[in-house]
1. Quick check on my filter: what residues within the stretch 131-145 are more than 22 Å from residue 49 (Cβ to Cβ) and surrounded by 14 or more Cβ atoms within 10 Å (Cβ to Cβ)?
2. Say we look at the stretch 85-112 and pick out the residues that are of a type in the set (S, T, N, Q) and surrounded by fewer than 16 Cβ atoms within 10 Å (Cβ to Cβ); which of these is farthest from the chain's Cα centre (by Cα)?
3. Out of the residues in the stretch 126-146 meeting the condition of being part of a helix (DSSP H, G or I) and either in contact with a Phe, Trp or Tyr (Cβ under 7 Å, 6 or more places away or on another chain) or among the acidic types (Asp, Glu) (or both), tell me which one is farthest from residue 170 (Cα to Cα).
4. Sort out which residues of the stretch 85-119 are out of contact with any helix residue (DSSP H, G or I) (no Cβ under 8 Å at 6 or more places or on another chain) and closer than 15 Å to residue 48 by Cα, and write them in order of number.
5. Tell me the residue from 41, 99, 123, 69 that is assigned to a helix (DSSP H, G or I) and either closer than 26 Å to residue 152 by Cα or in contact with a strand residue (DSSP E or B) (Cβ under 8 Å, 6 or more places away or on another chain) (or both), please.
6. Name every residue in the stretch 52-84 that is under 17 Å from residue 114 (Cβ atoms) and under 13 Å from the mean Cα position of the chain (by Cα), in order of residue number.
7. Pick out the one residue from 121, 135, 87, 29 that is at pLDDT below 90 and hydrophobic (A, V, I, L, M, F, W, C).
8. Tally the residues that are of a type outside the set (A, V, I, L, M, F, W, C) and crowded, with 17+ Cβ neighbours inside 10 Å, restricting the search to the stretch 115-130.
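The values are calculated or read from the model by the stated rules, or taken from the named source; none is laboratory data. This one's a predicted model, so the numbers in the text were calculated from it and none came from an experiment. Cβ atoms come from the backbone with ideal geometry, glycine included; neighbour counts cover every protein chain shown.
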Amino acid sequence: MASEPSERKSRLYHPYQDLEMPIQNLYHLPTSPEFLFHEEAAVQRRSWGENLQYYTGCGYLTGAIVGGAKGSIEGFRSAEPSDTMKLRINRVLNSSGHAGRSLGNSLGVVGLIFAGLESGLVAARGTDDLMNSVLAGLGTGAFYRAASGMRSAAVAGAIGGLAAGVVVAGKQAIKRYIPI
């Protein structure tokens with residue numbers, strides 16, 4: 001008689017079972033960052049090029065994801081009962097792609113402006129503090145909406161400065177109160 005799969009005895013694979021020590025003691029990896037040169041360890045900030053890539057990339061990726069999700073919802077809502085499945089899928093994909101590109105490009109430009117202003121302020125002021133981020137947020141909002149008029153630029157600048165201040169304050173609070 002052949003044995004059924006439920007009757008077979010099996011054991012979990014454990015490559016460290018013959019060692020007489022807990023797994024936690026096997027590897028003692030450093031928790032601090034490792035640098036090749038001492039000059040790199042002294043710098044606590046990204047370079048302006050890294051800053052530019054980081055903020056632009058994060059802005060574009062966030063905008064593409066949020067815009068794609070929003071476009072998908074709009075595509076589902078705009079479907080008509082007489083549409084075939086192919087037509088519905090096409091409508092959703094077109095809508096999500098368009099909205100994702102649109103919002104991704106907009107937030108990518110906002111990240112580009114913010115990174116440039118923040119790096120410029122750090123170089124001009126000679127210090128890297130909370131004020132640089134708030135001023136960069138203020139300038140980014142104002143510069144981004146400047147073509148819409150003075151009032152729109154002032155409102156967007158205030159929102160940008162407030163948003164940057166909240167993000168930096170939240171980041172400092174997380175560093176202080178949440179141990180990592």
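1. 134, 138, 141, 142, 145
2. Taking the stretch 85-112 and keeping what is of a type in the set (S, T, N, Q), we get 90, 94-96, 102, 105-106.
Filter once more, so that each one left must be surrounded by fewer than 16 Cβ atoms within 10 Å (Cβ to Cβ): 90, 94, 102, 105-106.
Details: 90: 29, 94: 24, 102: 17, 105: 15, 106: 15 Å.
Out of the qualifying residues, it is 90.
3. 140
4. Result: no residue meets the conditions.
5. Only one candidate qualifies: 99.
6. Start the filter on the stretch 52-84 by keeping residues that are under 17 Å from residue 114 (Cβ atoms), which leaves 52-63.
Answer for the stretch 52-84, where residues must be under 17 Å from residue 114 (Cβ atoms) and under 13 Å from the mean Cα position of the chain (by Cα): 53, 54, 55, 56, 57, 58, 59, 60, 61, 62, 63.
7. 29
8. 3
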